[in-house]
1. Cβ-Cβ below 6 Å, separation at least six or inter-chain, first residue in region B:330-346 and of a type in the set (S, T, N, Q), second buried (at least 21 other Cβ atoms within 10 Å of the Cβ): which pairs?
2. Just need a number here: residues in region B:267-289 that are buried (at least 19 other Cβ atoms within 10 Å of the Cβ) and either at pLDDT 90 or above or part of a loop (DSSP other than H, G, I, E, B) (or both).
3. Quick one: in region B:152-176, which of the residues that are in a helix (DSSP H, G or I) and surrounded by 12 or more Cβ atoms within 10 Å (Cβ to Cβ) is nearest to the other protein chains (Cβ to nearest Cβ)?
4. Within the bounds of region B:109-127, is there any residue that is more than 20 Å from B:P52 (Cα to Cα) and aromatic (F, W, Y)?
5. Being modelled with pLDDT under 85 and either within 14 Å of another protein chain (Cβ to nearest Cβ) or surrounded by 12 or more Cβ atoms within 10 Å (Cβ to Cβ) (or both) narrows it down to one residue among B:L218, B:L222, B:L192; which is it?
6. Examine region A:69-79 for a residue that is more than 23 Å from B:S186 (Cα to Cα) and buried (at least 21 other Cβ atoms within 10 Å of the Cβ), and state whether such a residue exists.
Amino acid sequence: MKSIFLIDDDPIFVYLTRRIIASIDCPCQINEFTDGELAISHLASIGNQAEKLPDVIFLDLSMPVMDGWEFLKEYSDLKPKLKKDIALFIVSSSISPQEVERSKGYRAVTDFLIKPVEKRKIIEIMDNVKL
Amino acid sequence: MIPFLHKLISGKYRTLKGKDSLATAEEPDHKLLMEQLDRQKAFYENILNKLPTDIAVFDPDHRYLFVNPGAISNEEYRKFIIGKDDYEYAAYRNRPASVADKRRAKFLEAKNSGKEIRWEDTLPDPKGNMITHLRRMYPVYDEHGQLSMVIGFGIDITERKKMEETQAELVKQLSAQNRQLTDFCSIVSHNLRAPLVNMSMLTDFIESTDDPVEQKLLISKLRPVIDNLHATFNELVESIQIRQDLEIKCEDVCLDDCLQRTIDGLQTEINKLGAKIETDFTQVDVINYPPQYLNSIVHNLVSNSLKYHHPGRSPLISIKTRKEGEKVILSVQDNGLGIDLVKHKENFFKIGKVFHRHPNAKGFGLYMTKTQVEAMGGRIWVESVPDEGSVFYIEFDHRIKQAS
């Protein structure tokens, strides 16, 4: 089974994303985190257990406590220690070109997706995950 | 005749006429030559006197050799100063010696460095208007490399200075506005677009299902999204209005009344948490300020202290005023959750920044408070220790009640 970490504080968006993923023919385990700090500390604690690490991370930018950018900074430091190659997608409602540009400064970021994310994009992402 | 021209004629200084003409000074047509020299002297002095700038020439000991009327318009003073230094002149004009100290320092700077120096000098004129001069001073050497004199001159750059200041102020305002615009765009992008995306996605789902139970569930999820959009929109409008209230009126606002209003508004919360609020307004009890701003500032800070209370203890909020010269400092201290300032220093008052996991935190409150404080020329800052509490300070500029 494929595993997804969904880091987003917006319950409606998380609900909708879960529905989209449920509607595609791809059994997935989804873990939710409502801010970057909860996600990064969890990732740090399971860093050497490849079977517990996700295949894909969907990361929101605007979140309380630790926002997406702060998460990325810490995640970049953590990534070399993680025993799995994880695809990370920023999923933001922002349409600011500066933010897209800024995300390119992080090698850990696979792509920048602007909400709403279409179902076929999610299918494509999940198809690319090799188990 | 001014001393340095005497010296020129006596042959000590040869720069003006050269060796040959001075050699002829011993000849019988001495009188004719003196006349010529007088005419020449008058010619050059006239030029120096008519130049619309102030000129002063000093000997190597900082004694005046020459000043033009641009520097000292009164003839009597002008005559007095020749051969004297600034200390004698200051005593003569009953001026403080500190003026002479400053001039001596500049003189020594030019003399010791051997180079031209430049500086700006702002002093009140006889009518009390502040006049700014750009001053230059440079040493002049004779053919043996000995310092023969120091020439100083200044031009009035008051107008230019005023223009520069106006421009600098404009640039400051513009860049502040530009920064606010960027903040505003990013907040519109995040906080307004997010609920819109949710609404459009929910609608897509509603349209794509025929199951009425499913539709009903999805519709029920629309309501909080719309409420959220509404609240965000209202707060954005409010923050824009602060910026547009350029001519907002100040009134004497009594702090006790202002706080009472906040307490009335938050009574349910206060009772629920068993919060205690203490005040000390003995130093300043009235602030001249736009009442709606002050109400909003106090309300925001107190409601933040309640919102981010520590789960292990009842909130204790202490509100004080302190006088510092013409400024008033209002402080709001709590024993709440506190904030890690090492981590969040940069973003503290930034729009959309949230530091705690609280359902109603949107990151507008402190941004609004900062905007309201800064719109009136004040400052806001915070001291905080995580798990111990926070103190917010607001400095109000010249807001002490006018003595009636």
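The values are calculated or read from the model by the stated rules, or taken from the named source; none is laboratory data. Computed from a predicted model, the values in this text were never measured in an experiment. No Cβ is skipped: glycine too gets one built from the backbone with ideal geometry, and neighbour counts run over all protein chains shown.
1. Final answer for the pair search is B:N335/B:G389.
2. Total satisfying the criteria: 6.
3. Going through the qualifying residues, I end up with B:E164.
4. So far as region B:109-127 goes, no, none of its residues is more than 20 Å from B:P52 (Cα to Cα) and aromatic (F, W, Y).
5. Just a single option satisfies the conditions, and that option is B:L192.
6. yes
Here is a yes/no grid of residues against (1) in contact (Cβ under 8 Å) with a residue 60 or more places away in the chain; (2) surrounded by 15 or more Cβ atoms within 10 Å (Cβ to Cβ); (3) within 14 Å of chain A (Cβ to nearest Cβ):
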{"position": "B:D125", "(1), (2), (3)": "no, no, no"}
{"position": "B:H144", "(1), (2), (3)": "no, no, no"}
{"position": "B:V150", "(1), (2), (3)": "yes, yes, no"}
{"position": "B:V197", "(1), (2), (3)": "no, yes, yes"}
{"position": "B:L202", "(1), (2), (3)": "no, yes, yes"}
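Each row is one residue, and each column tells you yes or no for (1) surrounded by 15 or more Cβ atoms within 10 Å (Cβ to Cβ); (2) in a helix (DSSP H, G or I); (3) within 33 Å of the chain's Cα centre (by Cα); (4) modelled with pLDDT under 75.
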{"site": "B:S305", "(1), (2), (3), (4)": "yes, yes, yes, no"}
{"site": "B:S314", "(1), (2), (3), (4)": "no, no, no, no"}
{"site": "B:T321", "(1), (2), (3), (4)": "yes, no, yes, no"}
{"site": "B:L330", "(1), (2), (3), (4)": "yes, no, yes, no"}
{"site": "B:N335", "(1), (2), (3), (4)": "yes, no, no, no"}
{"site": "B:G338", "(1), (2), (3), (4)": "yes, no, yes, no"}
{"site": "B:K350", "(1), (2), (3), (4)": "yes, no, yes, yes"}
{"site": "B:K353", "(1), (2), (3), (4)": "yes, no, yes, yes"}
{"site": "B:Q372", "(1), (2), (3), (4)": "yes, yes, yes, no"}
